[in-house]
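These notes concern the structure reproduced below.
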Amino acid sequence: MSTPKRPSALAPFRIRNYRFQWPSDLLTSWAFEVETLVLGWYIMVETGSVLLLTILASLQYVGTLIAPVFGMIGDRIGHRDLLIAMRLAYTALSSTIMALALTGHLAPLNVMIIVAVMGLIRPSDLGMRGALLASIMPAEQLVGAISLSRTTQDSARIAGALTGAGLFAALGIGLVYVATACLYLVAAILMLCLTRPAKSSAASHRPADGRAGTRLLRDLKEGIVYAWNGPGMRAALCVAFLANLTAFPLTSGLLPFVARDIFHTDQTGLGYLSASFAVGSLTGSIALSLMSGLRIARLLIGATLAWYAMLLVFVGMRTMPVAMACLVLAGIAQSMSMISAAVILMRAASAHLRGRVMGVRMMVIYGLPLGLLAAGSLIDRIGYSATGSLYAISGFIAMVAIAVRWRADLWPAHAPANAR
């Protein structure tokens, strides 16, 4: 009696559109990481102001509040076409910085303005990638496709963490931006090579409305209400918000403080800590792409709880090697948790609403700056270890509460969110 053949981890690449989308996403992710590192270092070198550095970082989250609007536009004109327009916009903005740098006219104010404009667009990029993936991939290959897609971001973070500000020091910001603009342009060209996925019948036969403004507001409201009330989707969105509020601050914005004040190391040590989490995330993405027949909603619960458990251990560590090991394990759990949430959203969403659903998903990222601001205040009052433990324990308890509250949607094997 023959057993069913296990799907290959590279099976998504048999789909023509995926063979173009994956490298386009890869180049875009690498360009994002290069820009984040180089511009952050530029602001520090030119101004020496930590306040301006935090303002620069916060500007990159501005667009999360309007991500559902981009999702609605993507649902209307097509996610492929919207991604092309976005990546051409990145090319134009990075080319502006390149021209200013090469002519000696670049200034911190110019950088802040350009980053603010890009910050309106960039947060929606990841959501549109997921929406496009769901439209071009068969349902049975969606987990593997999203897992492989995550490797584009993870590999960029690893390389960025290890190279640090070396690119800026070796080449200068002008030449770095020549390469960055080229990455964005090639990414847009690759996206142009995708064939347009067929629009769903629901999207093609919408009732006419004479007032464009009313129609746009109605469509936006429809997407937000749908995302919040869909089976399993509300739980996935709550997990995503919770993770951004209480988990990601410990492994993103607070890492420079942890490296300097807890482990008493320099930029190299910070790079090792950041790369450890990214290596774990990449490992989790690859591992998930090799697995099949998973109960995704159950994985979401287990991986998120494991993530908080590892963070609780991490905040108590005072030796670098053990802390790095904890971050690797936390990264693995984080990857499996966030991929599971994305798969639940994409499987449950109707084709004509996927962009808006992913826009709502990107909007909950605003929990991250809220969590960072609260953590900074708490660290001054009760210390790093107490703050980190409070975040990890409260996140763990809240995740248990989510699992109990939406048990019918997340745990039964027959639940739609657990479909294999």
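Some observations on this one:
- One residue alone among SER281, SER276 is of a type in the set (S, T, N, Q), in a helix (DSSP H, G or I), more than 30 Å from ALA408 (Cα to Cα) and modelled with pLDDT of 90 or more, and that residue is SER276.
- The residues listed here are VAL357, VAL404, VAL364, VAL328; of these, the one that is under 22 Å from LEU282 (Cβ atoms), of a type in the set (A, V, I, L, M, F, W, C) and either in a helix (DSSP H, G or I) or touching a residue at least 60 places away in the same chain (Cβ under 8 Å) (or both) is VAL328.
- Restricted to the stretch 81-180, the set of helices (runs of 4 or more DSSP H) holding at least 1 residues that are closer than 29 Å to ALA419 by Cβ and touching a Gly at 6+ places or on another chain (Cβ under 8 Å) comprises 123-136, 142-163.
- Checklist (1) surrounded by fewer than 24 Cβ atoms within 10 Å (Cβ to Cβ); (2) farther than 27 Å from VAL279 by Cβ applied to ARG354, failing item: (1)
- Qualifying residue in the stretch 57-77 (condition: open to solvent by 10 Å² or more (accessible area, probe 1.4 Å), charged (D, E, K, R) and touching a Lys or Arg at 6+ places or on another chain (Cβ under 7 Å)): yes
- Residues satisfying the stated conditions in the stretch 58-80, i.e. under 12 Å from ASP125 (Cβ atoms) and either at pLDDT 95 or above or in a helix (DSSP H, G or I) (or both): GLY63, THR64, ALA67, PHE70, GLY71, GLY74, HIS79
- Residue in the stretch 78-96 that is open to solvent by less than 10 Å² (accessible area, probe 1.4 Å) and more than 27 Å from ALA179 (Cβ to Cβ) present: no
- Residue that is farthest from ALA419 (Cα to Cα), among those in the stretch 346-393 that are hydroxyl-bearing (Ser, Thr, Tyr) and modelled with pLDDT under 85: SER377
- Among residues of the stretch 25-44 being among the hydroxyl-bearing types (Ser, Thr, Tyr) and open to solvent by less than 40 Å² (accessible area, probe 1.4 Å), the one that is farthest from PRO123 (Cα to Cα) is TYR42.
- Just one of the listed residues (LEU100, LEU109) is in contact with a helix residue (DSSP H, G or I) (Cβ under 7 Å, 6 or more places away or on another chain), more than 30 Å from GLU222 (Cβ to Cβ) and surrounded by fewer than 20 Cβ atoms within 10 Å (Cβ to Cβ), and it is LEU100.
- Out of ALA247, ALA236, ALA227, ALA212, sole residue that is open to solvent by less than 30 Å² (accessible area, probe 1.4 Å) and modelled with pLDDT under 85: ALA227
- Hey, GLY293 buried (at least 24 other Cβ atoms within 10 Å of the Cβ), within 30 Å of ALA131 (Cβ to Cβ) and touching a residue at least 40 places away in the same chain (Cβ under 8 Å) or not: no
- Restricting attention to the stretch 159-178 and to residues that are closer than 19 Å to SER285 by Cβ and crowded, with 19+ Cβ neighbours inside 10 Å, the residue that is modelled with the lowest pLDDT turns out to be ALA161.
- Some residue of the stretch 310-322 being part of a helix (DSSP H, G or I) and small (Gly, Ala, Ser): no
- Within the stretch 44-57, the set of residues being in a helix (DSSP H, G or I), more than 24 Å from the chain's Cα centre (by Cα) and modelled with pLDDT of 75 or more comprises VAL45, GLU46, THR47.
- Flag if ILE339 is open to solvent by 20 Å² or more (accessible area, probe 1.4 Å) and closer than 23 Å to ARG157 by Cα: no
- If you go through the stretch 363-387 and keep only what is hydrophobic (A, V, I, L, M, F, W, C), open to solvent by 40 Å² or more (accessible area, probe 1.4 Å) and within 28 Å of ILE121 (Cβ to Cβ), you end up with MET363, LEU370, LEU372, LEU373, ALA374.
- Against the numbered list (1) within 23 Å of GLY371 (Cβ to Cβ); (2) modelled with pLDDT under 95; (3) open to solvent by less than 40 Å² (accessible area, probe 1.4 Å), LEU242 comes up short only at (2).
- Restricting the first member to the stretch 114-125 and to residues that are over 14 Å from LEU56 (Cα atoms), and the second to residues that are of a type in the set (Phe, Trp, Tyr) and surrounded by fewer than 23 Cβ atoms within 10 Å (Cβ to Cβ), the beta-carbon pairs closer than 8 Å and six or more apart or on different chains are PRO123/TYR61.
- Residue satisfying all of: in the stretch 296-309; without any contact (Cβ under 8 Å) to a residue 40 or more places away in the chain and surrounded by fewer than 22 Cβ atoms within 10 Å (Cβ to Cβ); farthest from PHE396 (Cα to Cα) among these: GLY302
The values are calculated or read from the model by the stated rules, or taken from the named source; none is laboratory data. Quantities reported herein were computed from a predicted structural model and do not represent experimental measurements. We place every Cβ from the backbone using ideal geometry, glycine too, and count neighbours over all the protein chains shown. Remember, those area values only see protein heavy atoms, side chains included, never the ligands or the DNA or RNA. Shrake-Rupley method; radii C 1.70, N 1.55, O 1.52, S 1.80 Å.
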